[in-house]
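The values are calculated or read from the model by the stated rules, or taken from the named source; none is laboratory data. Remember, predicted model here, so these are calculated numbers, not experimental data. Heads up, the Cβs are rebuilt from the backbone with ideal geometry, glycines too, and the neighbour counts pull from every protein chain shown. Side chains are part of the model used for accessible areas, which takes the heavy atoms of the whole protein and leaves out ligands, DNA and RNA. Shrake-Rupley method; radii C 1.70, N 1.55, O 1.52, S 1.80 Å.
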Amino acid sequence: MRAIRRFTVRTLLPAALAPLDELAHNLRWSWHTPTADLFSGVDPALWDEVHRDPVAMLGALGPERLAALAGDGAFVDRVRAASADLREYREGERWYQWRSREIEAAGGEALPASIAYFSPEFGITAVLPQYSGGLGILAGDHLKSASDLGVPIVGVGLLYGAGYFKQSLTRDGWQAETYPVLDPDGLPLTVLREDDGTPARITIDLPAGRVLHAHVRVATVGRVPLLLLDADVPENDDAARKVTDRLYGGGGEHRLQQELLLGVGGVRALRTWSRLTGAPAPEVYHTNEGHAGFLGVERITELVGEGLAFDEALEVVRAATVFTTHTPVPAGIDRFGRDLVAQYFGGDNEAAGVPVDRVLALGAESYDGGDPGVFNMALMGLRLGGRSNGVSLLHGEVSRGMFNGLWPGFDPAEVPITSVTNGVHSPTWVAPEILDLQRERLGIDPVGTPTAGFDAWLGDGVGDEELWALRRTLRTRLVEEARARLRRSWRDRGASPAELGWVDEALSPDVLTIGFARRVPTYKRLTLMLRDPERLRALLTDPQRPVQLVVAGKSHPADDQGKRLIQQLVRFTDEHDVRHRIVFLPNYDIAMAQDLYPGCDVWLNNPLRPLEASGTSGMKSALNGGLNLSILDGWWDEWFDGDNGWAIPTADGVDDPDRRDDLEAAALYDLVEQQVAARFYDRDERGVPPRWLAMVRHTFASLGPKVQATRMVAEYVERLYAPAATAGRALDAAGHEPARELAAWKARVRASWSGVRVDHVESAGIGEVPQVGDTLTVRADVTLGDLDPSDVEVQVVHGAVGENDVISSYATAPIALAESYEAGRHAFVGTVTLDASGPFGYTVRVVPTHAGLVSPAEMGLTANA
Ligand SMILES: *Cc1c(COP(=O)(O)O)cnc(C)c1O
């Protein structure tokens, strides 16, 4: 395998074309159509041949054609203009800069000078296949939108030698995988180098005296640098070179080594980046899912090296770390053997002042039902992240329930996990025709601002006939693309061209087109549509109102169950009476997705609620004028409003999974037949479906501003990054004195908490018949033992009370110190106003309080009456 040494010779550009090098290497071309057009315009056929990759395009042009282009004054002018535009994009003021000034003018603290964003995968463009699915696509959209907004973010990830696999099908519909080896020198990356020209090197000590080395390759995503660590370097032994061989390749130890490189190596790469480029050190560290969690351990180690104790360092790290959880599916969480992790952080590898037991405790499943032998990366994320979030309102709620065990004594609603609903980067996912129409005729430009005026779609700037014609254009393009892919797939499956005449007739540009594309874990239920094959067949072949389905998705290579689902679906699509109406397209990736979303009239999603944390593909469809048809899960649960698509009724409460599938599938068929198809084919005298288009317009207006990743990134900035930076700065100040104080305070409170109790509660002020507006006065005697009243908050917990005496949806009201008795006993008094009718209940509790706590639940300590 290694006998062949590959490298790519970089093109030497004529001076007049020199700016093309930056235009090709800055990935902004992947969402900036004018720049992509500059490259494709040179030779459209060649552009397709090199898979729309500007770096490959420059290489393929060769010196003679480049010389000719350098002599073409008009082309040189366009290159110069594109280069000036890129410079303005990179250096000009954007949302973040004016927002920061606005906040400071109002007396607030400056927004963070730099934010590090860690993710195991980044889906930016098809030419950099370093992603497997939604998590990576989201990370790519995060960086692009941060760039558009001017947010000073630095991405940190790994460079995988083979990226994610390419999917094809065998004759009988089984998924086959190939791992094309990427040539990093041919990718749009540059090696980070020391001043003397040698590659900057990151090293990590492994067990048994081995060392893992990595180089850093930098991708430039508009204004945002993305540092990718690559272990396939000559300094490494053969085993170490394989650490970054594949995305989510091996199990156990291989994966642990990847995550070690990502977290620990990632922090070291950031330090090297700052040293070599003068970039400011990050003030906030954001980890996209738990895989990069070791970054916190590395930062603790750094701070311990500066003289802090472990617990003091932990406070500094927590204050400035944001953790985003992405999955309510336990199998989606990385768990390692505790003993394995101990080999990497214990023994000879134990850093002074960072005892291995403390590291292991960060990932311990230390609650009822937890596995004592396991190190859980999500729990480490929550323990090291002072602020954490789920990715939709519903997922936030599900996560609070799922991780409640870390905050015993608190109600799920108080678990300190908030949510920021995902969004998508519209310039990447929206058809250029729609972007142009919005910009030129409707004045909508979502690129530089968090939200924009999509209401314009409700006016008459674009007529029904024009909109309908545009939708048909997009559908037609998908049909053509799908036929080409189908033909290639059948050739791979061993069919001869003579057998494939029917492919020219597969799908129709005039039939209602439903898309379904996503990874194939069981909960996404790829085959729900096949629950009643005859019912599906009838929908597909209806003579008046036919439906066509375009389906795609990869199964994890180790997931045979997923592969069986794909096979089941493919076998159905192979049947002669339906194969022109339902197709499975292999190798779902960014390139396919970009054709798929604009061409589909309806985007179908039928996960098992509530296992879809957010989902983003439906958002991309909506921005192209597609209507969502989905189970109320993830983002759709939040933003479905009754008129912007359809909700498939979920049989949530039904325990028997077969029966649940039956019920939900039947509801799906009914909806498609009676509502979706009925509306799509209901045409007026112009041949246009007015009621359908009204829904499309309403989709643009209602979802357009919300589903933008710029909205999401702005929320992260304002709700998480800015407070994290403020908290981090506060603990960093004065030689970390505030961190020492906070750690010492927490230790004291924890040690004394067993002495805290509520001794007696009494109330006054409520008559025989309590009424709304009455004021309840509560007095509580509490014992605080060694603690001072200022260490705690005494609260009245009150709200509606249910049948079993449980206060649901409660609020808390602090009550104040009124009197101190001897020996650590005190009385607290305060009032609560009854503001709703119905059964009411209250109780009193004590929680710790300190300016350095993000939430009263943070320490998991409470004493109840
Ligand atoms: C958007 C996207 C995804 C994620 O879609 P979900 O709705 O979250 O499943 C996965 N793969 C590709 C190629 C995408 O473009």
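The table for this structure:
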| item | result |
| --- | --- |
| In the range 237-249, the residues that are surrounded by fewer than 21 Cβ atoms within 10 Å (Cβ to Cβ) and over 18 Å from Tyr131 (Cβ atoms) | Asp237, Asp238, Ala239, Arg241, Lys242 |
| Identity of the residue in the range 617-645, over 24 Å from Phe680 (Cα atoms) and touching a Gly at 6+ places or on another chain (Cβ under 9 Å), that ends up farthest from the ligand (Cβ to nearest atom) | Asp633 |
| Filter result for Glu177 (without any contact (Cβ under 8 Å) to a residue 40 or more places away in the chain and open to solvent by 20 Å² or more (accessible area, probe 1.4 Å)) | no |
| Scan of the range 180-203 for residues that are β-branched (Val, Ile, Thr) and either surrounded by fewer than 24 Cβ atoms within 10 Å (Cβ to Cβ) or out of contact with any strand residue (DSSP E or B) (no Cβ under 6 Å at 6 or more places or on another chain) (or both), ordered by number | Val181, Thr190, Val191, Thr198, Thr203 |
| All positions within the range 635-680 that are in a loop (DSSP other than H, G, I, E, B), surrounded by fewer than 17 Cβ atoms within 10 Å (Cβ to Cβ) and in contact with a Leu (Cβ under 7 Å, 6 or more places away or on another chain) | Val654 |
| All positions within the range 688-710 that are in a loop (DSSP other than H, G, I, E, B), farther than 15 Å from Gly453 by Cα and β-branched (Val, Ile, Thr) | Val688 |
| Check on Arg335, charged (D, E, K, R) and either closer than 25 Å to Glu306 by Cβ or modelled with pLDDT of 95 or more (or both) | no |
| Residues (open to solvent by less than 50 Å² (accessible area, probe 1.4 Å) and among the charged types (D, E, K, R)) located in the range 22-71 | Arg28, Asp43, Asp53 |
| Filter pass, Glu253 being within 22 Å of Ala342 (Cβ to Cβ) and either among the hydroxyl-bearing types (Ser, Thr, Tyr) or open to solvent by 40 Å² or more (accessible area, probe 1.4 Å) (or both) | yes |
| Enumeration of residues in the range 749-782 that are without any contact (Cβ under 8 Å) to a residue 40 or more places away in the chain, under 47 Å from the mean Cα position of the chain (by Cα) and open to solvent by 60 Å² or more (accessible area, probe 1.4 Å) | Ala751, Ser754 |
| Residue within the range 595-602 that is touching a residue at least 40 places away in the same chain (Cβ under 8 Å) and of a type in the set (Phe, Trp, Tyr) present | yes |
| Qualifying residues in the range 106-131 (those that are crowded, with 21+ Cβ neighbours inside 10 Å and of a type in the set (Ser, Thr, Tyr)) - the one nearest to the ligand (Cβ to nearest atom) | Tyr131 |
| Contacts under 9 angstrom Cβ, first residue in the range 513-540 being free of Cβ contacts under 8 Å to residues at least 12 places away in the same chain and closer than 23 Å to Phe680 by Cβ, partner away from the ligand (no atom under 11 Å from the Cβ) and in a helix (DSSP H, G or I), 6 or more apart | Ala538/Tyr669; Ala538/Glu673 |
| Residue in the range 821-832 that is modelled with pLDDT under 90, out of contact with any Leu (no Cβ under 9 Å at 6 or more places or on another chain), closer than 27 Å to Arg387 by Cα and loosely packed, with under 13 Cβ neighbours inside 10 Å present | no |
| Some residue of the range 522-535 being farther than 23 Å from Asp658 by Cβ and either over 28 Å from the mean Cα position of the chain (by Cα) or at pLDDT 95 or above (or both) | no |
| Residue match in the range 534-552 (condition: in contact with a helix residue (DSSP H, G or I) (Cβ under 6 Å, 6 or more places away or on another chain), within 16 Å of the ligand (Cβ to nearest atom) and over 30 Å from Asp53 (Cα atoms)) | no |
| Sole residue being out of contact with any Phe, Trp or Tyr (no Cβ under 9 Å at 6 or more places or on another chain), among the aliphatic types (A, V, I, L, M) and at pLDDT below 95, chosen from Leu187, Leu182 | Leu187 |
| Residue match in the range 262-271 (condition: open to solvent by 30 Å² or more (accessible area, probe 1.4 Å) and either of a type outside the set (Asp, Glu) or under 24 Å from the mean Cα position of the chain (by Cα) (or both)) | yes |
| Count - residues of the range 585-614 that are open to solvent by less than 10 Å² (accessible area, probe 1.4 Å), within 24 Å of Glu481 (Cα to Cα) and within 16 Å of the ligand (Cβ to nearest atom) | 12 |
| Residue tally, condition under 8 Å from His580 (Cα atoms) and under 37 Å from the mean Cα position of the chain (by Cα), over the range 495-509 | 3 |
| Failed item in (1) within 16 Å of the ligand (Cβ to nearest atom); (2) within 20 Å of Gly293 (Cβ to Cβ), with Gly157 passing the rest | (1) |
| Positions within the range 410-432 being touching a residue at least 60 places away in the same chain (Cβ under 8 Å), open to solvent by 10 Å² or more (accessible area, probe 1.4 Å) and more than 16 Å from the ligand (Cβ to nearest atom), in sequence order | Phe410, Asp411, Ala413, Glu414, Pro416, Thr418, Pro432 |
| Any chance Ala351 is part of a loop (DSSP other than H, G, I, E, B), of a type in the set (A, V, I, L, M), farther than 30 Å from Arg28 by Cα and not assigned by TED's automatic domain parsing to the domain that holds Gly599 | yes |
| The range 272-316: number of residues that are within 22 Å of the chain's Cα centre (by Cα) and hydrophobic (A, V, I, L, M, F, W, C) | 4 |
| Test: Ser392 is of a type in the set (S, T, N, Q) and surrounded by fewer than 19 Cβ atoms within 10 Å (Cβ to Cβ) | no |
